[in-house]
Amino acid sequence: MIYFSNINKINYEGPSSTNPFAFKFYNPEEVIGGKSMEEFLRYGVAYWHTFTMDGSDPFGAGTMVRPWDKYSDMDLAKARVEAAFEFFEKINAPYFCFHDIDIAPEGNNLKETNENLDTIVSMIKEYMKDSGKKLLWNTANNFTHPRFIHGAASSNHADAFAYAAAKVKKGLEIGKELGAENYVFWGGREGYETLLNTDMKLELDNLARFYHMAVDYAKEIGFDAQFLIEPKPKEPTTHQYDFDVATGYAFLQNYDLQDHFKFNIEANHATLAGHTFEHELRYARIHDMLGSVDANQGDPLLGWDTDEFPTDLYSTTLAMYEIIKNGGLGRGGLNFDAKVRRGSFEADDLFHAHIAGMDAFAVGFKVAQKLVDDNVLDGIVDDRYKTYTDGIGLDIVNGQTDFHKLEKHAYGLSEINHQSGRLESIKATINQYLLQAYAEK
């Protein structure tokens with residue numbers, strides 16, 4: 001069955017195009033920095049927001065009009081697979097991502113749930129073979145069902161821990177069968193509402209035990225995907241144990257897991273943690289822990305996870321700068337973990353939204369590569385820290401000094417001659433590059 005009969009494959013038409021169903025800046029074949037846009041950006045579609053979200057929020061019922069929603073249960077699951085692969089092909093996205101319950105409904109027990117998954121996974125596998133589309137990552141939803149009311153791997157109840165483990169076991173098996181390049185752990189309820197009834201040490205220890213068991217089982221079945229942790233500071237819990245990249249990295253180091261995991265960084269989660277998107281990317285990059293990206297943005301006027309499609313070119317440019325400096329995302333990609341607004345309820349809006357996001361990161365990629373090629377930001381940083389390239393600064397960097405020598409050096413100082421940070425000039429330069437990038441078209 002055809003679900004988007006009025007939509008043809010989305011093609012690149014250039015910045016002057018007025019066709020709402022065309023890419024203005026994302027040209028899959030255009031080579032930037034030695035790689036095509038398609039090869040470097042590795043775009044993915046989020047199954048949950050695109051095919052299962054109904055538009056409901058805490059204040060209102062669902063609004064989405066979807067042609068596949070006339071079905072129910074397993075018929076609905078099969079219809080969504082058909083719609084999904086039609087969408088992947090028409091939007092020209094090479095990858096997709098899903099949670100287990102996105103693709104198949106839960107049964108009356110875990111055995112029935114797994115049987116439902118087997119049916120749909122078999123169907124997806126055939127569609128992947130015919131279409132050439134790939135699974136960027138999959139994961140288990142261990143946060144929606146009431147059984148996870150107090151968490152999953154960090155739950156106070158051992159049965160919830162066991163159930164979560166069984167779901168992840170199945171998820172790893174599915175990942176292997178479908179050739180997933182990554183497997184994501186998002187601790188939706190791995191945290192606490194209050195310390196008054198929480199054994200934090202036990203919960204953190206159990207979370208680490210859970211991850212070690214996942215690592216062991218992946219080795220047992222020969223699933224060589226990159227494991228990713230997706231940080232988020234709060235919501236739904238008051239405090240989540242994977243608060244941000246720094247917190248997550250400390251956790252991994254403390255429990256000897258740092259060699260098995262990298263991070264899947266979501267822009268909106270970064271801002272909820274009080275950071276910029278580029279801060280989280282930079283922290284992961286400098287520790288060689290940047291694995292993949294959930295591409296979205298939040299609303300600065302709202303203090304919750306709005307998961308908007310990314311359209312802020314300044315943000316996508318700074319994000320792509322970090323990704324370029326990282327040498328790309330390796331096995332990761334840019335997954336549009338984003339949802340159309342509640343008022344954008346027509347099926348066509350799914351295309352408009354993805355076009356906007358794909359174009360925004362294409363612009364960011366092109367501008368960021370020019371910044372790298374022209375040594376703009378590196379040059380500014382190198383000049384700002386030049387006192388560490390000789391004299392006492394070089395001794396500090398090389399570990400060839402101590403407090404006695406530093407005190408002697410300080411006694412000889414009459415003043416410290418700082419230079420301006422020139423933040424306003426730097427931002428103006430980035431704006432100049434943004435405007436020039438397509439003025440040349």
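The values are calculated or read from the model by the stated rules, or taken from the named source; none is laboratory data. In this text, all values refer to a predicted model and were calculated from it rather than measured experimentally. For neighbour counting, all protein chains shown are included, and Cβ atoms are generated from backbone atoms with ideal geometry for every residue, glycine included. We work out accessible area using only protein heavy atoms, side chains counted, and drop any ligands, DNA or RNA first. Shrake-Rupley method; radii C 1.70, N 1.55, O 1.52, S 1.80 Å.
Only helices (runs of 4 or more DSSP H) whose full extent lies in region 311-395 are considered here, and the ones with at least 2 residues that are crowded, with 20+ Cβ neighbours inside 10 Å and among the polar types (S, T, N, Q) are 313-325.
Out of all the residues in region 1-58, which are among the aliphatic types (A, V, I, L, M) and at pLDDT 95 or above? If the condition is that a residue be among the aliphatic types (A, V, I, L, M) and at pLDDT 95 or above, then 2, 7, 10, 22, 31, 32, 37, 41, 45, 46, 53 are the ones that fit.
Each residue in region 49-75 was checked for being farther than 19 Å from residue 346 by Cβ and in contact (Cβ under 8 Å) with a residue 12 or more places away in the chain, and 2 of them qualify.
Which of the residues that make up region 1-10 are surrounded by 14 or more Cβ atoms within 10 Å (Cβ to Cβ) and not hydrophobic (A, V, I, L, M, F, W, C)?
Here is the first cut: in region 1-10, the residues surrounded by 14 or more Cβ atoms within 10 Å (Cβ to Cβ) are 3-4, 7, 10.
Selection gives 3 alone.
For region 205-217, give me each residue that is surrounded by 15 or more Cβ atoms within 10 Å (Cβ to Cβ), more than 23 Å from the chain's Cα centre (by Cα) and within 19 Å of residue 250 (Cα to Cα). 206 - this is the single residue of region 205-217 that is surrounded by 15 or more Cβ atoms within 10 Å (Cβ to Cβ), more than 23 Å from the chain's Cα centre (by Cα) and within 19 Å of residue 250 (Cα to Cα). If the condition is being open to solvent by 20 Å² or more (accessible area, probe 1.4 Å), under 19 Å from residue 333 (Cβ atoms) and assigned to a loop (DSSP other than H, G, I, E, B), then region 82-127 contributes 92, 94. In this entry, residue 328 passes the filter for residues that are modelled with pLDDT of 95 or more and over 24 Å from residue 428 (Cα atoms). The residue of region 55-81 that is surrounded by the most Cβ atoms within 10 Å (Cβ to Cβ), among those that are assigned to a loop (DSSP other than H, G, I, E, B) and touching a helix residue (DSSP H, G or I) at 6+ places or on another chain (Cβ under 8 Å), is 66.
Scanning region 225-272 for residues that are at negative phi and either out of contact with any strand residue (DSSP E or B) (no Cβ under 7 Å at 6 or more places or on another chain) or part of a helix (DSSP H, G or I) (or both) yields a count of 23.
Give the residues of region 25-54 that are over 25 Å from residue 112 (Cβ atoms), in a loop (DSSP other than H, G, I, E, B) and not polar (S, T, N, Q), sorted by residue number.
Just the residues of region 25-54 that are over 25 Å from residue 112 (Cβ atoms), to begin with: 25-46, 49-50.
Checking the rest, the ones that are also in a loop (DSSP other than H, G, I, E, B) come to 25-30, 33-34, 42.
Hits for region 25-54 are 25, 26, 28, 29, 30, 33, 34, 42.
Residues in region 41-50: is at least one on the phi < 0 side of the Ramachandran plot, within 25 Å of the chain's Cα centre (by Cα) and open to solvent by 20 Å² or more (accessible area, probe 1.4 Å)? There is at least one residue in region 41-50 that is on the phi < 0 side of the Ramachandran plot, within 25 Å of the chain's Cα centre (by Cα) and open to solvent by 20 Å² or more (accessible area, probe 1.4 Å). Scanning region 133-154 for residues that are out of contact with any strand residue (DSSP E or B) (no Cβ under 8 Å at 6 or more places or on another chain), touching a residue at least 24 places away in the same chain (Cβ under 8 Å) and open to solvent by 10 Å² or more (accessible area, probe 1.4 Å) turns up 142, 143, 144, 145, 149, 150. For the residues 392, 416, the requirement of being of a type in the set (A, V, I, L, M), farther than 30 Å from residue 360 by Cβ, modelled with pLDDT of 95 or more and touching a Leu at 6+ places or on another chain (Cβ under 9 Å) singles out 392. Scanning region 189-204 for residues that are within 17 Å of residue 261 (Cβ to Cβ) and surrounded by fewer than 20 Cβ atoms within 10 Å (Cβ to Cβ) turns up just one, 204.
If you go through region 224-270, how many residues are among the β-branched types (Val, Ile, Thr), surrounded by fewer than 22 Cβ atoms within 10 Å (Cβ to Cβ) and in contact (Cβ under 8 Å) with a residue 40 or more places away in the chain?
2
Which members of region 218-267 meet the condition of being more than 19 Å from the chain's Cα centre (by Cα), over 14 Å from residue 191 (Cα atoms) and β-branched (Val, Ile, Thr)?
Of region 218-267, the ones more than 19 Å from the chain's Cα centre (by Cα) are 218-224, 237-239, 250-251, 253-257, 259.
Okay, now just the ones that are also over 14 Å from residue 191 (Cα atoms), so 218-224, 250, 253-257, 259.
Scanning region 218-267 gives a single hit, 221.
Kindly check whether there is at least one residue in region 411-426 that is among the basic types (Lys, Arg) and either surrounded by fewer than 10 Cβ atoms within 10 Å (Cβ to Cβ) or part of a loop (DSSP other than H, G, I, E, B) (or both). Within region 411-426, one or more residues are among the basic types (Lys, Arg) and either surrounded by fewer than 10 Cβ atoms within 10 Å (Cβ to Cβ) or part of a loop (DSSP other than H, G, I, E, B) (or both). Selection over region 347-376 of residues that are within 17 Å of the chain's Cα centre (by Cα) and aromatic (Phe, Trp, Tyr) gives a count of 2.
Restricting region 155-181 to residues that are within 14 Å of residue 113 (Cβ to Cβ) and aliphatic (A, V, I, L, M), the residue that is most open to solvent (accessible area, probe 1.4 Å) is 166. Considering 36, 16, the condition of being out of contact with any helix residue (DSSP H, G or I) (no Cβ under 8 Å at 6 or more places or on another chain), loosely packed, with under 13 Cβ neighbours inside 10 Å and either closer than 27 Å to residue 138 by Cβ or of a type in the set (Gly, Ala, Ser) (or both) is satisfied by 16 alone.
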